[in-house]
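A.B. asks: The structure follows.
Every read-out reported here was derived from the displayed coordinates using simple, explicitly stated rules and does not represent laboratory data. Note that the coordinates shown come from a computational prediction; the quantities given were computed from them, not determined experimentally. Note that we place each Cβ from the backbone using ideal geometry, even for glycine, and neighbour counts take in every protein chain shown.
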């Protein structure tokens with residue numbers, strides 16, 4: 001019995017059928033990344049509810065230029081990225097995109113999935129006629145900033161503090177990185 005040759009790794013636009021895999025990956029990644037930074041109760045995410053939210057998001061994005069990409073190893077989702085028009089006050093949503101999320105399964109990091117996702121995200125944003133992009137990173141996430149700097153992103157002067165509870169109990173400091181890909185499109 002022969003098998004059809006296929007690439008072992010790839011990136012594609014997410015399908016509604018990917019919702020369960022994306023939600024499970026997101027829960028694992030957030031629990032690993034934000035342990036000690038956020039209260040444990042905040043990281044107790046119901047994967048079934050998260051999958052339902054993902055199904056809705058994938059079926060009806062808020063903006064036609066919002067894209068969810070998934071990194072695959074064979075047919076298994078090992079990472080995802082979300083691109084969307086930037087909403088920061090100093091950004092122009094006609095030309096500025098935001099890489100809203102870049103998540104790789106903690107057990108799959110260091111295998112090139114993040115690089116493939118970033119490259120596919122930039123190509124997707126360029127195809128959507130954006131020429132620049134921003135990404136918000138937790139201020140203490142040196143690994144993500146180093147990775148993105150190596151991929152051509154750079155910190156800018158923007159920073160913010162998110163109040164996750166609305167009462168000042170859980171504050172997360174973030175810094176913004178940006179890239180310009182207008183000359184590559």
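A.B. asks: For 123, 44, what's the fewest-to-most ordering of other Cβ within 10 Å of each Cβ?
C.D. replies: Fewest-to-most ranking of 123, 44: 44, 123.
A.B. asks: Starting from 0.36 nm per residue, how many nanometres of slack lie between residue 10 and residue 46 once their C-alpha separation is accounted for?
C.D. replies: Taking 0.36 nm per residue and subtracting the Cα distance, the gain is 10.2 nm.
A.B. asks: Please give the length that would be gained between residue 167 and residue 143 if that part of the chain were fully extended, namely 0.36 nm times their separation in residues minus their C-alpha to C-alpha distance (nm, one decimal).
C.D. replies: Contour length minus Cα-Cα distance gives 5.7 nm.
A.B. asks: In nm, to one decimal, how far is the residue 119 label point from the residue 34 one, both placed 7 Å along Cα→Cβ?
C.D. replies: My value for the distance between the label points is 3.0 nm.
A.B. asks: Among 90, 105, 156, determine the one that fluctuates most according to a GNM of the chain built with springs between C-alpha atoms less than 10 Å apart.
C.D. replies: 90
A.B. asks: What list do you get for 82, 22, 45 if you sort them by fewest beta carbons within 10 Å?
C.D. replies: By the 10 Å Cβ count, ascending, the order reads 45, 82, 22.
A.B. asks: (i) 9, 33, 35, 18, 6, 1; (ii) 8, 29, 28, 22, 11, 1, 0; (iii) 9, 34, 40, 15, 2, 1, 0: which one is P(r) over Cα pairs in 10 Å bins from 0, in percent as calculated from this entry?
C.D. replies: Working out P(r) over Cα pairs in 10 Å bins from 0, in percent from the coordinates points to (iii).
A.B. asks: Of the beta bridges DSSP finds with both residues in region 9-180, what % are antiparallel, to the nearest 5?
C.D. replies: Values: 33 of 37 bridges.
If we restrict to bridges inside region 9-180, about 90 percent are antiparallel.
A.B. asks: If you rank 124, 157 by fewest surrounding Cβ atoms within 10 Å, what's the result?
C.D. replies: 157, 124
A.B. asks: Sticking with this structure for a sec: What does the C-alpha gyration tensor say about the overall shape of region 95-185? Classify as rounded when a/c is under 1.5, otherwise prolate if a/b is larger than b/c, or oblate.
C.D. replies: It comes out oblate by the Cα gyration axes.
A.B. asks: What is the chain's relative contact order, in percent, from Cα pairs under 8 angstrom and six or more apart in sequence?
C.D. replies: Values: 304 pairs, mean separation 34.3, N = 185.
Dividing the mean separation by the residue count of the chain yields 19 percent.
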